[in-house]
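A short reminder: the numbers here are calculations on the coordinates, not readings from a lab. Predicted model only: the values in this text are computed from it and were never measured. Note that we place each Cβ from the backbone using ideal geometry, even for glycine, and neighbour counts take in every protein chain shown.
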Amino acid sequence: MVRMSFLGVVVSLVAISTTQIHAQVPEVRIGDVVRVTLKGTSPPVEGIFTGWEAERWIVSPSGGMRTSIDPSEVIDLERRTSQSNASRGALIGAAVMLGVGLLYVATSEPCDDGLLDDLCKGTQAAAMVLGPVVGAGGGALIGMNFRTDRWVSGRIPDRQPPGVAVTVTWALTIH
């Protein structure tokens, strides 16, 4: 009974950690690192999106000349993001400590002593329950410090003219 419910918890944690919620395609902002695949070119253009020039996008590769891109020539546009590995660390930490707990229970003496029987069973239960919880916490703390870069789809918003927008409203009251 306990093993089945514990297995259910582990399966649920794995399912939750591998499921990603797909949101709306994020806008690329000036300063983002982008990778643009163009019609008729084999390597994609990779660099920092620096803005617009007329109706073209400007991408500045590191150590290279800035590239002017016609939006109608774009096949694919991606932006680089950085992702924390806290959930992966938590899953690994919980799995390691679960293994340690199983090893402890498998190699410990049987709980046959009448006086210390409850203490013995409690220690084994604690190893099986608290071990993975502590491992998940420690793994999450370690995983937070390691980030992974990945490419996600992006879109460049319509060009907004630079400047300040001013709205004037007035009301006329007639008595």
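Observations on the model:
- Contour minus Cα-Cα distance for Gln83 and Glu55 (0.36 nm per residue): 6.9 nm
- Phi angles across segment 133-147 convert, under the Karplus curve 6.51 cos²θ - 1.76 cosθ + 1.60 with θ = phi - 60°, into 3J(HN,Hα) values of 5, 5, x, 5, x, x, x, 5, 4, 5, x, 4, 7, 10, 10 Hz, Gly and Pro given as x.
- Per-residue HN-Hα couplings for segment 81-88 [Karplus 6.51, -1.76, 1.60; θ = phi - 60°; Hz; x = Gly/Pro]: 10, 10, 10, 6, 9, 5, 5, 5
- Rounded, prolate or oblate (a/c below 1.5 giving rounded, otherwise prolate when a/b exceeds b/c) for segment 78-135 by Cα gyration tensor: prolate
- Sorted ascending by nearby beta carbons within 10 Å, beginning with the fewest, Met128, Met144, Met65 become Met65, Met144, Met128.
- Likely footprinting exposure, Trp52, Trp57, fewest C-beta neighbours within 10 Å first: Trp52, Trp57
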